[in-house]
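The values are calculated or read from the model by the stated rules, or taken from the named source; none is laboratory data. Computed from a predicted structure; not experimentally measured. We place every Cβ from the backbone using ideal geometry, glycine too, and count neighbours over all the protein chains shown.
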Amino acid sequence: MTLVERVVCAITHGGMGATQKALAHGVPVRAVPFGRNQLEVARRVETAHAGTRPPAKRLRPDRLRAKMREAIGMAAGAQRVAAGYAAAGGASAAAAAIENRLLNHPAEQPPDPE
């Protein structure tokens with residue numbers, strides 16, 4: 001059994017990898033985004049009702065604890081996301097779709113300047 005299969009809430013910076021691993025196992029996420037794509041990933045977690053995302057600038061132990069407890073109560077949302085991942089075929093199906101697209105529809109080449 002992996003660690004993510006044993007937890008009731010994943011606390012993360014909201015990076016795509018950690019967030020997807022947690023949600024794929026139906027584990028709600030407590031995301032604390034600091035920048036880049038983390039802000040968007042955390043927003044999507046919140047929109048899916050699969051976790052919480054309080055602002056990092058206002059992070060304190062009591063707020064972290066409260067938002068973690070709130071996220072734990074969103075297990076149903078995380079399980080819906082996990083079911084969606086499974087129904088779509090998971091990571092292997094995504095990789096196969098990308099390979100198929102690249103192999104069967106190569107990028108258009110610019111015209112040869114003559």
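Remarks
- Any hit, the range 57-72, residues being modelled with pLDDT of 95 or more and surrounded by fewer than 18 Cβ atoms within 10 Å (Cβ to Cβ): no
- Residues being in contact (Cβ under 8 Å) with a residue 24 or more places away in the chain, crowded, with 17+ Cβ neighbours inside 10 Å and under 21 Å from Arg65 (Cβ atoms) - total across the range 12-37: 8
- Yes/no for Ala48 being small (Gly, Ala, Ser), in contact with a helix residue (DSSP H, G or I) (Cβ under 6 Å, 6 or more places away or on another chain) and under 17 Å from Ala91 (Cβ atoms): no
- Residue under evaluation Arg53, criteria (1) of a type outside the set (A, V, I, L, M, F, W, C); (2) under 21 Å from Gly90 (Cβ atoms); (3) surrounded by 19 or more Cβ atoms within 10 Å (Cβ to Cβ), criterion not met: (2)
- Exactly one residue among Arg69, Arg53, Arg65, Arg58 is within 14 Å of the chain's Cα centre (by Cα) and over 20 Å from Thr2 (Cβ atoms), and that residue is Arg53.
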